[in-house]
Amino acid sequence: DVKVTQSSRYLVKRTGEKVFLECVQDMDHENMFWYRQDPGLGLRLIYFSYDVKMKEKGDIPEGYSVSREKKERFSLILESASTNQTSMYLCASSLVGEKLFFGSGTQLSVL
Amino acid sequence: AQTVTQSQPEMSVQEAETVTLSCTYDTSESDYYLFWYKQPPSRQMILVIRQEAYKQQNATENRFSVNFQKAAKSFSLKISDSQLGDAAMYFCAYRSGFRIQGAQKLVFGQGTRLTINP
């Protein structure tokens, strides 16, 4: 079975901190995604990557950056965390044209 | 840009009854895929069912079936014989059929929280 692992299930950070959310997949998938989930808004795409060192902005990239130095790892970076970035963050991966596999999510609280 | 709309924030159903969750979408593409995902309290997203737009036949997976109306851009999920384990958030999602890198993302609806009453 494909495994997508997010490093933290819950995270509490202070305003202005630099935050790293890590995601690792074990099935050699080309595509990796970061989504943000908020009540009433569903899942919104922040960034995605289709190859090492390749990235594309999603629908809400402001305030975020990403890094993909190795194929299996896709990191989401909040350069200076703000309270409006309190949310659930979901990572996913897939082969081209195939279904997405999701991690279990990181609930981030920014105080 | 494609959009997906779920107009029912919450639904409830009696155990063993049937419930239908609604989803509409907007696209100018002719080749695409539609999905229903389930997210239980564990937060793990689980693929429930998938429909290819070029297939006229509605997809079914055991107690789960869809009503795909391509002209109306409607994609509803029917759950028959509802069970307590069906309680979850349900998300409708769209993906382009183009096999190019930028088209591989899923576009999600707002979600419907389904409660099963014993």
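The values are calculated or read from the model by the stated rules, or taken from the named source; none is laboratory data. Please read these numbers as outputs of a predicted model, since none were measured by experiment. Note that each Cβ is placed from the backbone with ideal geometry, even for glycine, and that neighbours are counted across all protein chains shown.
From the list A:Leu45, A:Leu11, pick out the single residue that is more than 8 Å from chain B (Cβ to nearest Cβ), within 15 Å of the chain's Cα centre (by Cα) and of a type outside the set (Ser, Thr, Tyr).
Every option except A:Leu11 fails the conditions.
When you go through A:Asp28, A:Asp38 one by one, which is the residue that is charged (D, E, K, R), farther than 14 Å from A:Leu108 by Cβ and more than 8 Å from chain B (Cβ to nearest Cβ)?
Step by step, each of A:Asp28, A:Asp38 is checked, and only A:Asp28 is charged (D, E, K, R), farther than 14 Å from A:Leu108 by Cβ and more than 8 Å from chain B (Cβ to nearest Cβ).
When residues of the range B:1-31 are filtered for being exposed (fewer than 14 other Cβ atoms within 10 Å of the Cβ), polar (S, T, N, Q), more than 20 Å from A:Gly97 (Cα to Cα) and within 14 Å of chain A (Cβ to nearest Cβ), how many remain?
1
Among the residues of the range A:3-20, write down those that are aromatic (Phe, Trp, Tyr) and surrounded by 11 or more Cβ atoms within 10 Å (Cβ to Cβ).
If the condition is that a residue be aromatic (Phe, Trp, Tyr) and surrounded by 11 or more Cβ atoms within 10 Å (Cβ to Cβ), then A:Phe20 is the only one that fits.
Sort out which residues of the range A:14-37 are charged (D, E, K, R) and more than 14 Å from the chain's Cα centre (by Cα), and write them in order of number.
A:Arg14, A:Glu17, A:Lys18, A:Asp26, A:Asp28, A:Glu30, listed by residue number.
Out of (1) in contact with a strand residue (DSSP E or B) (Cβ under 7 Å, 6 or more places away or on another chain); (2) of a type outside the set (Phe, Trp, Tyr); (3) touching a residue at least 24 places away in the same chain (Cβ under 8 Å), what's the single condition that is false for A:Glu17?
Against the list (1) in contact with a strand residue (DSSP E or B) (Cβ under 7 Å, 6 or more places away or on another chain); (2) of a type outside the set (Phe, Trp, Tyr); (3) touching a residue at least 24 places away in the same chain (Cβ under 8 Å), A:Glu17 comes up short only on (1).
For the range A:66-111, please list each of the strands (runs of 3 or more DSSP E) lying entirely inside it that holds at least 2 residues being more than 14 Å from every other protein chain (Cβ to nearest Cβ) and either over 11 Å from the mean Cα position of the chain (by Cα) or not small (Gly, Ala, Ser) (or both).
So the answer is A:73-78, A:106-110.
When the range A:51-89 is examined, which residues are found to be within 18 Å of A:Tyr10 (Cβ to Cβ) and either of a type in the set (A, V, I, L, M, F, W, C) or modelled with pLDDT under 95 (or both)?
A:Leu76, A:Leu78, A:Ala81, A:Met88
When the residues of the range B:72-118 are narrowed to those that are among the polar types (S, T, N, Q) and either within 14 Å of another protein chain (Cβ to nearest Cβ) or without any contact (Cβ under 8 Å) to a residue 12 or more places away in the chain (or both), which ends up surrounded by the fewest Cβ atoms within 10 Å (Cβ to Cβ)?
B:Gln101
Considering B:Glu61, B:Glu52, which residue is within 19 Å of A:Lys99 (Cα to Cα) and surrounded by fewer than 13 Cβ atoms within 10 Å (Cβ to Cβ)?
B:Glu61
I'm trying to understand the selection: among the residues of the range A:56-65, which are away from chain B (no Cβ under 14 Å), touching a strand residue (DSSP E or B) at 6+ places or on another chain (Cβ under 8 Å) and part of a loop (DSSP other than H, G, I, E, B)?
The answer is A:Gly63, and nothing else.
Is it the case that the range B:46-62 has a residue that's under 19 Å from B:Gly111 (Cβ atoms), more than 13 Å from every other protein chain (Cβ to nearest Cβ) and touching a residue at least 24 places away in the same chain (Cβ under 8 Å)?
No, because not a single residue in the range B:46-62 is under 19 Å from B:Gly111 (Cβ atoms), more than 13 Å from every other protein chain (Cβ to nearest Cβ) and touching a residue at least 24 places away in the same chain (Cβ under 8 Å).
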